[in-house]
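The values are calculated or read from the model by the stated rules, or taken from the named source; none is laboratory data. As the structure is a computational prediction, the values presented were derived from the model and not from experiment. Virtual Cβ from ideal backbone geometry, glycine too; neighbours counted across all protein chains shown.
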Amino acid sequence: MKKTRFGIGSYMKPTPSLMRRIGDGLLVASTTLSTYAIAEEIKWLALTSVFVGAGAKFLTNLFSVEDAPNN
């Protein structure tokens, strides 16, 4: 049985597939929104979406999968 862990110690460990998909999806959405905001010269929206997207991607990297001991 695999167990999902969250913490700073999990940053360099493999990320679960679901968390990787969520992080990549949020990064794509924030990049698209940032591009639109830059084109329309909406500075506050561009900066906000960049920081939110990068932060979300960082947070999803804090998840890891470990094998739980059999009882």
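Based on this model, can you work out whether GLU66 counts as outside any helix (DSSP H, G or I), surrounded by fewer than 16 Cβ atoms within 10 Å (Cβ to Cβ) and touching a residue at least 12 places away in the same chain (Cβ under 8 Å)? Break it down stepwise before answering.
Values: outside any helix (DSSP H, G or I): yes; surrounded by fewer than 16 Cβ atoms within 10 Å (Cβ to Cβ): yes; touching a residue at least 12 places away in the same chain (Cβ under 8 Å): yes.
For GLU66, the condition - outside any helix (DSSP H, G or I), surrounded by fewer than 16 Cβ atoms within 10 Å (Cβ to Cβ) and touching a residue at least 12 places away in the same chain (Cβ under 8 Å) - is met.
Checking the conditions here, which among GLY55, GLY9 is modelled with pLDDT of 90 or more and not in a strand (DSSP E or B)? Talk me through it step by step, then tell me what you get.
Numbers: GLY9 fails: modelled with pLDDT of 90 or more.
When all the criteria are applied, what remains is GLY55.
Hey, can you tell me all the residues within the stretch 45-66 that are hydroxyl-bearing (Ser, Thr, Tyr) and closer than 18 Å to ARG5 by Cα?
Filtering the stretch 45-66 down to residues hydroxyl-bearing (Ser, Thr, Tyr) leaves 48-49, 60, 64.
Of everything in the stretch 45-66, those that are hydroxyl-bearing (Ser, Thr, Tyr) and closer than 18 Å to ARG5 by Cα turn out to be THR60, SER64.
Would you check if SER30 is hydroxyl-bearing (Ser, Thr, Tyr) and in a helix (DSSP H, G or I)?
On the way: hydroxyl-bearing (Ser, Thr, Tyr): yes; in a helix (DSSP H, G or I): yes.
For SER30, the condition - hydroxyl-bearing (Ser, Thr, Tyr) and in a helix (DSSP H, G or I) - is met.
Would you point out which residue out of SER10, SER49 is in contact (Cβ under 8 Å) with a residue 24 or more places away in the chain and polar (S, T, N, Q)?
On the way: SER49 fails: in contact (Cβ under 8 Å) with a residue 24 or more places away in the chain.
Only one candidate passes the filter, namely SER10.
Kindly evaluate LYS13 against the criterion of being within 9 Å of the chain's Cα centre (by Cα) and surrounded by 12 or more Cβ atoms within 10 Å (Cβ to Cβ).
Details: within 9 Å of the chain's Cα centre (by Cα): no; surrounded by 12 or more Cβ atoms within 10 Å (Cβ to Cβ): yes.
For LYS13, the condition - within 9 Å of the chain's Cα centre (by Cα) and surrounded by 12 or more Cβ atoms within 10 Å (Cβ to Cβ) - is not met.
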